[in-house]
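The values are calculated or read from the model by the stated rules, or taken from the named source; none is laboratory data. Not measured: the values here are computed from a predicted model. Cβ placement follows ideal geometry from the backbone for every residue including glycine, while neighbour counts extend to all protein chains displayed. Note: accessible area is taken over every heavy atom of the protein model, side chains too, but ligands, DNA and RNA are not part of it. Shrake-Rupley method; radii C 1.70, N 1.55, O 1.52, S 1.80 Å.
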Amino acid sequence: MPDLPTPQDATEAALFSECWDAVFSYADLCAAGPEAAAALAAEAFAAGLREARDTGTPTGRDTGRRPARLPRTALLLTAVRTTAVAWEDGGQGHRLTPDLRLWLHDEQAARFAGPPLLRPLALRALRDMQEADATLLWLAEVEALPLHVAARRLGLDPATVSEELAQVRALFRDRCRRNHLDTPMDAHCRSYARLLDAVSRSATADTPADLSRHLALCVRCADAAACLRPDGGGLPGALAGGVLGWGGLAYLERRRRAAD
């Protein structure tokens, strides 16, 4: 592991142990070579850790509100993206993969730094959740950890963690629904918003033909559809794509291989 900040306590030491492999895995997708990947991961890890320290890092399943922040693994992964932006802007873009460099200048990348109400729906919804709930969702759906491993990491009862995950998926869907309705959108998208909510409540509900055509053409409404169907198989991709942006699906595949 490259030189990183010294952990302040046992909680941060555990964070290093749990999250470094994930951060390096994503940095390796983003960088042009092994040396650049190690440097990108180390710089991003340090930046993400500073952000976690600045806002505080709740670790228990408390019931109080917390600052709007991602779970710690996702927070450190987004630091990889923001560090890549800094590299591109600072003349170090040659150290990044060409596909990422193209994406960084695309309007999709601009969404992550734009007005909060226009940012990806999954990103906004995950930030709205309690720390432990968001962490359980991320570990199970994106990091593909076996539920008993996620339970042990979070101090949960392995016998009931599957039930908790089902509740957390429902909470995530509710946050997505609220955020989607709050999103500024044109009249055409707005006309489908409540229909999309109704159809996505059931895995067996038929999607009307006009809605299907709209989802095939509208990226943002298609993203919302994936987020609003937590049991439809698209949730891991919706989370990874909505939080990480570029390389989300490739990262998912890497984490599944690592979990296996």
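Details
- Computed label-point distance, nm, for sites ALA159 and ASP206 using a 7 Å Cα→Cβ extension: 4.5
- Annotation for GLU107 and ASP21: the two label points, set 7 Å from Cα along the Cα-Cβ direction, are 4.0 nm apart.
- Using a simple spin-label model with pseudo-atoms 7 Å out from Cα toward Cβ, THR82 and ALA38 lie 2.6 nm apart.
- Estimated FRET transfer efficiency when R0 is 30 angstrom, pair SER191-ALA250 (beta carbons, to 0.05): 0.30
- Whole-number D in µm²/s for the range 113-260 (Stokes-Einstein; Kirkwood sum over Cα pairs; 4 °C, 1.567 mPa s): 81
- Once percent of Cα pairs over 28 Å apart is calculated for the structure shown, the corresponding label among (1) 34; (2) 42; (3) 31 turns out to be (1).
- For the range 252-257, the Karplus equation 6.51 cos²θ - 1.76 cosθ + 1.60, evaluated at θ = phi - 60°, returns couplings of 4, 4, 5, 6, 5, 5 Hz by residue, with Gly and Pro reported as x.
- Compared with the alpha-carbon gap, the fully stretched path from LEU118 to ARG50 is longer by 21.9 nm at 0.36 nm per residue.
- Amide hydrogen neighbours beyond the local backbone of LEU96, cut-off 5 Å, H modeled: ALA32
- For the range 148-162, 3J(HN,Hα) per residue [Karplus equation, 6.51 cos²θ - 1.76 cosθ + 1.60, θ = phi - 60°, Hz, x = Gly/Pro]: 5, 6, 4, 4, 5, 5, 9, x, 9, 7, x, 6, 10, 5, 5
- The chain: most fluctuating residue of LEU77, LEU123, LEU154 per GNM, C-alpha cutoff 10 Å: LEU154
- Taking each residue as 0.36 nm, the span from ALA166 to ALA259 lengthens on full extension beyond its C-alpha to C-alpha distance by 31.4 nm.
- Over the chain, DSSP H runs of length four or greater, each weighted -39,500 (n - 2.57), average out per residue to a 222 nm ellipticity of -21500 deg cm²/dmol.
- Across the accessible surface of the range 115-259, with the other protein chains kept in place and a 1.4 Å probe, carbon and sulfur atoms take up 54 percent.
- On a per residue basis, the chain carries 48 Å² of accessible surface, using protein heavy atoms and a 1.4 Å probe.
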